[in-house]
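For reference, the structure is listed below as structure tokens.
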């Protein structure tokens, strides 16, 4: 299924990227330069770098949801631009807070230009998202902007929880799922919802698409967390056992800790602090596997994908776009690139 | 004139503060606690601290503008809450970026809880502002939210410029005025505009109130910058020659540097870097005075106040509220407390 996506991605990008560039060009010269670098359009010296754009998953979700709800993708372009701006606002702030120095094989904005550029360019992108969305000619633009603001608060809430988890040994599976819902699923959910809202879809269609996006987002995070422990560096682009190195309280790890049959050596390791010994990591990954953490996460991801598909049944959707939404969901979750 | 303000302030606060508290209570528990501390409602341990609220100048501007435009202040309460949230979003981020450790005689949020709390609580307040404003029952809520987003981008642009000025010796008066317009005047201007928009005022009334708020904001910054060089510590609550200690490129300083008759010793001092010798500061303040920097700033502030008053003539405004807006403007600018 994923093989059909690259061309759909290209089509959508052709639709939405000029609008995104036009929006970003409204920024003051410094923030424009920082944002253009962050978005992959130029290098640190400002030289254009063609073909470096992101995957534009959230804009795709907006445009396909608009079509699925019976509208024109063109009517939803301001929504597609807005969700991409909000996504990048949160990346700029989170990279700084997480002290991540690399993203997509390039130095992060705070690592190149310092915290002020990351914070203020992020702030400007968030404000710009609302400007663009509220300029949409749809009478429902205000409702779409309200959804975007609510999702933005969820992103912040999720990041607060994620940072708090770093210094806690007692993170429960429920709160870990809630954090993933806030940090990952909320904006994917809102993207699908905004697409439907902007074309004036009835409330039940909007609700169905919001649920669809939420389940896809949770499935994505479950698979991402599996890759963080067991992923092939050649596939993920990250070091082996990446999330174990950082002792991340990810979903499979939190699942294992919650099991009554969690072996004591795993419990002790999970409660530890500081940088773990690299040679301990393959053994920890095996113990996680034995207690069923990987199998649980993959089964739960599959269940979420079924719930996503179910969310789209029983509502009146344009069939071709509905199929494309499902293909997008599989592309997002499977990520066998 | 300023004597009438405290009671008006109290009335307005009674109107709007419960709505602000209700809005802030929507935040997740951690962000709620941080925001409540920042807003002066509790101390670092979470104990309530009655009577510590801010001056609520911007909410007053919203509510009085709504009345001046012939509407009910009650209709504009979501706007009053939203501008106060955006103002505090920007304080949280700016205190961190400026490394200010005190605000209103209390430790700043980043100084108490670190950068993540300052950044993420700020982000949450900005998003919350849009939620609240877009929930206003007025059909013009979307237009009000657009104005708020545009002002937020101006705040970020102004802070980018302000930080860039720190490492530049060639800041011109024009760009310094532009920075003040972005960093200080934009949100005061937008506050007045939002009040009018929310009660459905005609475009020329909205424009008049936007201009009014802008001129008041510039007058405020001019007076603030005069106090930063020549202010009495007993009045300002800041150390003597506060802005000279930090070599701030303020409006009077930039004016002096732009004068052809700027004496060479002043030019040299202005181009200097690092922490200046404290004993040099009274002499520098005198030189600034002699080249006319204080007189210019105060005359320019007075001229801006006249322009503010002029902006409100020739449009149809409710007279009592118009008088209260002018009194608010004088209260903001004179600040002889």
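Taken together, the values in this text are just the output of simple stated rules run on the coordinates, not laboratory data. Bear in mind the structure is a predicted one, so any value in this text is a computation, not a measurement. Quick reminder, even Gly has a Cβ in these numbers, built from the backbone with ideal geometry, and neighbours come from all protein chains shown.
Structure values in brief
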| read-out | value |
| --- | --- |
| Computed over chain B: relative contact order in percent, which uses C-alpha pairs under 8 Å that are six or more apart | 20 |
| Separation in nanometres of the label points that stand 7 Å from Cα toward Cβ, at residue B:261 and residue A:10 | 7.0 |
| Cα gyration tensor category, rounded, prolate or oblate, for the protein assembly as shown with a/c compared to 1.5 | prolate |
| Shape call, the range B:58-101: gyration tensor on alpha carbons, a/c limit 1.5 | prolate |
| Label distances, nm, residue A:101 versus same residue in remaining copies, Cβ-directed 7 Å point | 2.8 |
| Estimated FRET transfer efficiency when R0 is 41 angstrom, pair residue B:246-residue A:238 (beta carbons, to 0.05) | 0.45 |
| Label point 7 Å beyond Cα along the C-beta direction, distances from residue B:48 to other copies (nm, shortest first) | 6.1 |
| Cα→Cβ-extended label distance, 7 Å offset, between residue A:279 and residue B:303, nm | 7.7 |
| Three-way shape label, the range A:99-180, alpha-carbon gyration tensor, a/c 1.5 | oblate |
| Gaussian network model of chain B, springs between alpha carbon atoms under 10 Å - residue of B:181, B:327, B:14 with greatest fluctuation | B:14 |
| Calculated P(r) tail over 38 Å for the range A:2-334, as whole % of Cα pairs | 15 |
| Cα-derived Rg over Rh, computed across the range A:291-337 with Rh taken as Kirkwood radius | 1.08 |
| Simple label model, 7 Å out from Cα along Cβ direction - residue B:135 to residue A:316, nm | 3.2 |
| Ranking of A:105, A:87, A:330 by count of other Cβ atoms within 10 Å, fewest first | A:105, A:330, A:87 |
| For chain B, built as a Gaussian network whose Cα springs stay under 10 Å, the top-fluctuating residue of B:318, B:67, B:159 | B:318 |
| Helix A:319-334 vs. chain A, principal-axis angle (Cα, 0 to 90°, nearest 10) | 30 |
| Projected-area average for the range A:35-167 over all orientations - Cα convex hull basis, square nanometres | 9.0 |
| Relative contact order (%) - the range A:10-135, alpha-carbon pairs under 8 angstrom, separation at least six | 27 |
| Nearest 10 degrees, 0 to 90: helix B:57-68 Cα axis against chain B principal axis | 50 |
| Within chain B, helix-based [θ] at 222 nm, where runs of 4 or more DSSP H residues each add -39,500 (n - 2.57), nearest 500 | -22000 deg cm²/dmol |
| Nearest-to-axis residue of chain A, judged by beta-carbon position, where the axis maps A onto B, in Å | A:142, 2 |
| Degrees between helix A:281-290 axis and first principal axis of chain A (Cα, 0 to 90, nearest 10) | 80 |
| Net lengthening on full extension, residue B:72/residue B:203 (0.36 nm per residue, minus Cα-Cα) | 45.4 nm |
